[in-house]
Each structure stands twice: as structure tokens, then as C-alpha cells.
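Asker: The structure follows.
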Amino acid sequence: MGAWRRHRSSHRQCFAISSVPQPLRLIALPGTLLNEASVTPLLLATCAALRERGLIAQANVFILGEHDSMTDEINRIVGLAGAPCWWIGHSLGGIAALNIARLFPAAARGVVCIASTGRADASGNYAARHAQLSRAEADGHPLAVSLALKHDFGVEPGSELGQQLMAQAGAVGLVRFRNQTRYAIERPDQTSEPPLSMPLLAISGGLDEICPRDRSVEIARLSTRGKHICLDDATHLLPVTHAQQIAVLIADFINDATLAQTLVSPFQKDRPHAPIH
């Protein structure tokens, strides 16, 4: 963190940051059967857009599925983060980001949920999820599940994007998919919890049939500083298909939240802006 220096004069005292400030930290959490390839272009574009606004950022990706319970997985990724971050989650990753904000509010500077939900899993989904997992267990890999999801995603299986998603599913693997399925089934209902206080941006796709627009409207209402934006022509894979557009939305939101925090706490030591002299 920047060290504070006191300037003395006969009329007044002022303070300045005398060293390079800490950058903002962004951590992306991809959705089910997706890996870093699904969010890397979005993160690069977001960091570039933040630089244009005078903010420095560092980004990482954590793939969900190392532990068999969401609580243990949340503990793992918060421990890996090691410091307050902006959590950017897509689909299941957005569910995890909301849980981080709820369980470890000090670890979240803010949250961005893309095509996600704050609801508990519907009981009608259980049979389908167990059927998907049983198929993956029988095959020894989740590729057939990924192939079946292409229709829900609005992606042609033989297209370049379809092939990329299959490759990501293979990289995620059976063990992670098994745990990701448990997270989806066991996730808590956030909609009846007390409001969060950190900045929360929910982005939806107008053509998303998996997490429709109203789910993101509900997410935005989970925080006293929540906001919802819908991209009318986007499907569930909007972090992949609309990376540049979403990056600008995220950068604007983070910039506004940072400026608001600076105005509230003008002498906060860990501001990510350039040094003030």
C-alpha cells in the first residue's frame, strides 16, 4: 500500500501517496465445464478499458471444482485470492461470487455476475443434473454433456465455438464436473437474505434461456449498490460472444464505484489511482 507523506507549511498540512499504489485485483470464475479460455479475452479487454480510465488492474482465473462442497471451494478460492478483489463470475461462477460476498464480505471489493442466478436450484432440475452426471461417469469424461448443452447455449456443435467449448469441457474433466454439479444442486437461496453493501453488477443476455433476464434483475436487488444491465442480443455465453462490450460495462462500473469510494474516504491508503502530489 502507498505510504503517506506529510507536507508542512505555515498555512496548512496536506497528505500524498508517495509510492506506486496497489492495483485493483480482478478474479474471474468461469461457469460449468468452462475454463480460463472462456473469460481471458474479457479480462484482457476489461484491464485495457480500466487503464483508459486511469485504473491499474491485475487479473486471475480460478476454475471451480476442486472440493466436493461449495463451502470448502469458497474457502479455497478466497484463500488463493489473499486480498480483497473484484469477483467476476459467469453462470455457476456468479453463484460462487455471490456466496463469497455473503460469507466473506471483506474479501469482495465488488461483484460482477454474468448470466447467473441468486436462486436455489429448482427441484425439477435435479433429475436432469443427475442424468448428466451419470452419463459423464459412465463415459469417464463430460464431453457428451458439453455436446448436449450446445443446443441450450445456442451454439452449433461443429462450429469453431462449439469445438472450443468441447475442448474446455475436456480440460475441466470429470472430477471438477462432478463437484460443479454438486455446487449447482446445493447452492443456497440468496433472494431472501439481508442486502449486501458492496457494489454489485448483474449482466444478462436477452436471449438467455438458462439464466433469463429476471434472474439478473433479482441479483441486482441483492445489494444496496446493485445495478442490472441487459444485452438484448446475447445468449448465455455472452462473456465469450460479447467480451468487448461487457468489458466496457464492467470497467465503467468499477470506475464509478472506485470514484464513489474515493469521495467517501478521501484518505484511504490503498486507492488504485495514480499518485496525488
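Asker: Which is more than 20 Å from Thr241 (Cα to Cα), buried (at least 24 other Cβ atoms within 10 Å of the Cβ) and aliphatic (A, V, I, L, M), of Ile95, Ile56, Ile74?
Answerer: Ile95
Asker: Looking only at segment 13-34, decide whether some residue is modelled with pLDDT of 95 or more, farther than 23 Å from Asn255 by Cα, surrounded by fewer than 23 Cβ atoms within 10 Å (Cβ to Cβ) and out of contact with any helix residue (DSSP H, G or I) (no Cβ under 8 Å at 6 or more places or on another chain).
Answerer: No - not one qualifying residue is present in segment 13-34.
Asker: Report whether or not Gly124 is in contact with a helix residue (DSSP H, G or I) (Cβ under 7 Å, 6 or more places away or on another chain), over 26 Å from Ala247 (Cβ atoms) and exposed (fewer than 13 other Cβ atoms within 10 Å of the Cβ).
Answerer: No.
Asker: For residues that are in a loop (DSSP other than H, G, I, E, B) and touching a residue at least 60 places away in the same chain (Cβ under 8 Å), tally how many sit in segment 145-159.
Answerer: Qualifying residue count, segment 145-159: 2.
Asker: Does Thr224 count as among the polar types (S, T, N, Q) and modelled with pLDDT of 95 or more?
Answerer: Taking the combined requirement at face value, the residue satisfies it.
Asker: Is at least one residue of segment 108-123 more than 30 Å from Phe253 (Cβ to Cβ), at pLDDT below 95 and of a type outside the set (Phe, Trp, Tyr)?
Answerer: Looking for residues that are more than 30 Å from Phe253 (Cβ to Cβ), at pLDDT below 95 and of a type outside the set (Phe, Trp, Tyr), one finds at least one in segment 108-123, hence yes.
Asker: Tell me, which strands (runs of 3 or more DSSP E) wholly within segment 24-109 include 2 or more residues that are not hydrophobic (A, V, I, L, M, F, W, C)?
Answerer: 57-61, 85-90
Asker: Here is a further query. Among (1) at pLDDT 95 or above; (2) assigned to a helix (DSSP H, G or I), where does Gln261 come up short?
Answerer: (1)
Asker: Tally up the residues in segment 127-137 that are among the aliphatic types (A, V, I, L, M) and either in a loop (DSSP other than H, G, I, E, B) or out of contact with any helix residue (DSSP H, G or I) (no Cβ under 9 Å at 6 or more places or on another chain) (or both), please.
Answerer: Within segment 127-137, residues that are among the aliphatic types (A, V, I, L, M) and either in a loop (DSSP other than H, G, I, E, B) or out of contact with any helix residue (DSSP H, G or I) (no Cβ under 9 Å at 6 or more places or on another chain) (or both) number 3.
Asker: State the number of residues belonging to segment 180-233 that are under 27 Å from Ala169 (Cβ atoms) and of a type in the set (Val, Ile, Thr).
Answerer: Result for segment 180-233: 5.
Asker: Which of the residues that make up segment 192-209 are touching a helix residue (DSSP H, G or I) at 6+ places or on another chain (Cβ under 7 Å) and at pLDDT 95 or above?
Answerer: Leu196, Met198, Pro199, Leu200, Leu201, Ala202, Ile203, Ser204, Gly205, Gly206
Asker: Still on this structure, please answer the following. Output the residues belonging to segment 191-245 that are in a loop (DSSP other than H, G, I, E, B), polar (S, T, N, Q) and touching a residue at least 60 places away in the same chain (Cβ under 8 Å).
Answerer: Hits for segment 191-245 are Thr191, Ser197, Thr235.
The values are calculated or read from the model by the stated rules, or taken from the named source; none is laboratory data. No experiment lies behind these values; they were computed from the predicted model shown. A quick note on method: Cβ atoms are made from the backbone with ideal geometry, for glycine too, and the neighbour counts reach across all protein chains shown.
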